[in-house]
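Single-structure report; data block below.
The values are calculated or read from the model by the stated rules, or taken from the named source; none is laboratory data. Here the structure is a predicted model, which means the values were calculated and not measured. Neighbour counts run over all protein chains shown; Cβ positions are idealised from the backbone, glycine included. Note: areas computed on protein heavy atoms with side chains; ligands, DNA, RNA excluded. Shrake-Rupley method; radii C 1.70, N 1.55, O 1.52, S 1.80 Å.
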Amino acid sequence: MNRKTRMGLKLAIERIYLPFRNYFMRHPVKVYITSSVICFIVLAIVQVMLVYNTYDLLNRRFYYEKKGRINERYTKAIINDHVFPGGKDIIEGMLSPRYHELENLYKSGDTARFSQATQVLLRHIFHALINKQTADALLRDIKLREGIHDSLKYLLVVTRIDLQFADLKYVNIYDKRKKYPLIDEAIQTPKGIHIFGDLTNPDEQSQIIGLFVSDPKPYTYSISFSLYADPYNRRQLVFKQMQGILTMSLLSVLAIIILFFITLRNWIKQKHIADVKTDFINNITHEFHTPLSAIMVANKNIQNERVLENKTAIRSLSDIIERQSQRLKLLIGQVLDIATVDQLYVQKGPEDLNVLISEILTDFSIKFPSNNLQLSFIPAPETIVVEADSFHFTTLLLNLLDNAVKYNLQEVKHIQVATIETEPDIQISISDNGIGMDKETIRYIFDKFYRNQKDLTQNAKGLGLGLHYVKQCIDAHQWTVKVESEPGMGSTFVIIIPK
């Protein structure tokens with residue numbers, strides 16, 4: 001294969017492979033679920049086929065262990081007789097007067113008249129056998145004598161009849177493989193002429209007797225007949241034999257389904273964690289670069305001889321370096337606190353909730369111009385004292401206030417804080433007119449590193465730790481939090497403090 005052919009083959013493979021790879025990269029969960037479902041369906045089909053083939057095999061080879069005793073008793077009862085006790089007399093009584101007539105018709109070569117005569121005669125013989133059958137009473141007696149209590153279905157059929165004339169040659173007048181128009185179609189079955197019984201699907205395993213009786217003398221007949229017996233609950237007995245296979249098959253399918261869901265859940269969880277970590281690394285890189293860049297620029301300017309002569313410029317650049325250094329220190333502290341934020345401990349003390357919240361809001365409002373932020377507080381009419389850690393509570397509330405400003409695209413950002421005392425609990429409500437959140441976002445907002453910025457016109461800075469810390473503070477205080485929000489309609493966080 002020359003180089004040009006190899007390159008053409010490589011390009012052809014890439015044209016086929018790349019679309020699949022790109023689709024998988026964009027929709028990995030969908031591809032995983034689809035391929036897993038297809039594999040499960042194929043496995044289920046294989047399992048069903050194996051179970052069905054096993055059932056079919058056991059059903060075909062089903063053996064009724066008591067049929068040997070029925071065979072022995074029935075055979076003894078029809079010694080020197082045909083079909084059932086008394087059947088020989090019925091057949092011979094109707095055939096004997098007609099032997100010579102039938103012989104003459106046969107030797108004349110008129111096969112149509114011979115066939116018509118034999119069919120009419122057979123019809124009378126079969127109806128006489130059906131009307132005078134004693135197989136029913138005989139089988140009841142055999143079950144009683146042998147102590148067989150199973151409910152059985154029977155089928156007694158005549159399968160072949162041949163006549164023997166003076167030349168001792170057998171002439172067939174009935175064969176189960178043929179259809180006879182002058183014999184009632186209702187009694188003609190694939191197994192033979194139906195004499196007695198209600199078994200509809202006899203097979204080799206259900207055959208009790210299959211006899212061929214003949215007498216090698218002129219003007220006699222030979223006859224073949226069969227008796228079948230099968231339990232009414234044969235299907236249940238076969239399934240009972242398959243109980244182990246069915247149980248193992250169902251358990252294996254159930255185990256595969258459970259493992260599939262566990263694997264899918266863990267895989268989605270790990271993928272989510274990986275995505276969150278990727279977002280965190282991107283965010284923290286950006287957060288670190290900003291103060292570092294400012295420090296480096298300020299430091300470079302300080303080294304400028306013209307700036308060195310200007311004390312005011314040096315002071316300004318020094319302040320920049322100090323502020324950015326503090327910011328960098330804060331970022332490093334936040335990253336170091338990631339490992340311990342899940343093990344938050346609080347030192348509770350009595351706090352006047354209205355006073356504490358008022359102080360926090362005052363400090364927070366100083367950072368923003370009054371025409372850009374409208375911050376209101378609706379305190380409870382009476383003094384509310386709660387057990388709380390003032391440091392962590394302050395940080396908790398500041399994080400919620402920061403988010404109310406950060407995730408808000410309005411020109412004037414409205415934030416309203418209220419304390420409400422009810423009979424069972426005390427509630428702190430923080431509402432804003434920000435971008436709001438959908439139900440999917442609300443599910444994850446308290447997860448560590450989680451940030452959702454798809455509705456923002458520009459990225460808001462942060463590490464995805466603020467609300468996670470809020471949740472840890474609330475859990476440490478043994479409080480609860482409720483979030484109400486809709487996209488474009490703002491958000492409301494309600495902290496519920498039990499009394």
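Summary of values
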item: Ala137 vs. criteria touching a helix residue (DSSP H, G or I) at 6+ places or on another chain (Cβ under 6 Å), free of Cβ contacts under 8 Å to residues at least 60 places away in the same chain and not in a strand (DSSP E or B); result: no
item: Tally of residues being in contact with a strand residue (DSSP E or B) (Cβ under 7 Å, 6 or more places away or on another chain) and either in a helix (DSSP H, G or I) or at pLDDT 90 or above (or both) across segment 48-83; result: 7
item: Residue in segment 98-110 that is open to solvent by less than 60 Å² (accessible area, probe 1.4 Å) and within 60 Å of the chain's Cα centre (by Cα) present; result: no
item: Per-region count, segment 380-421, residues within 19 Å of Pro369 (Cβ to Cβ) and either surrounded by fewer than 15 Cβ atoms within 10 Å (Cβ to Cβ) or of a type in the set (D, E, K, R) (or both); result: 7
item: Test: residue in segment 231-239 that is among the β-branched types (Val, Ile, Thr), touching a strand residue (DSSP E or B) at 6+ places or on another chain (Cβ under 6 Å) and open to solvent by less than 70 Å² (accessible area, probe 1.4 Å); result: no
item: Residue in segment 330-346 that is among the β-branched types (Val, Ile, Thr), at pLDDT below 65, within 30 Å of Ala476 (Cβ to Cβ) and open to solvent by 60 Å² or more (accessible area, probe 1.4 Å) present; result: yes
item: Failed criterion for Glu103 (all others in (1) assigned to a helix (DSSP H, G or I); (2) among the acidic types (Asp, Glu); (3) within 23 Å of Gly197 (Cα to Cα) hold); result: (3)
item: Unique residue being within 22 Å of Phe225 (Cα to Cα), crowded, with 16+ Cβ neighbours inside 10 Å and at pLDDT 90 or above when the list is Gly87, Gly93; result: Gly87
item: Number of the exception - Pro231 against (1) modelled with pLDDT of 85 or more; (2) within 30 Å of Tyr106 (Cβ to Cβ); result: (2)
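A quick yes/no check of all residues on (1) of a type outside the set (Ser, Thr, Tyr); (2) open to solvent by 60 Å² or more (accessible area, probe 1.4 Å); (3) in a strand (DSSP E or B):
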site	(1), (2), (3)
Ile130	yes, no, no
Gln133	yes, no, no
Lys143	yes, no, no
Tyr154	no, no, yes
Ile183	yes, no, no
Ile195	yes, no, yes
Pro202	yes, no, no
Gln205	yes, no, no
Ile208	yes, no, yes
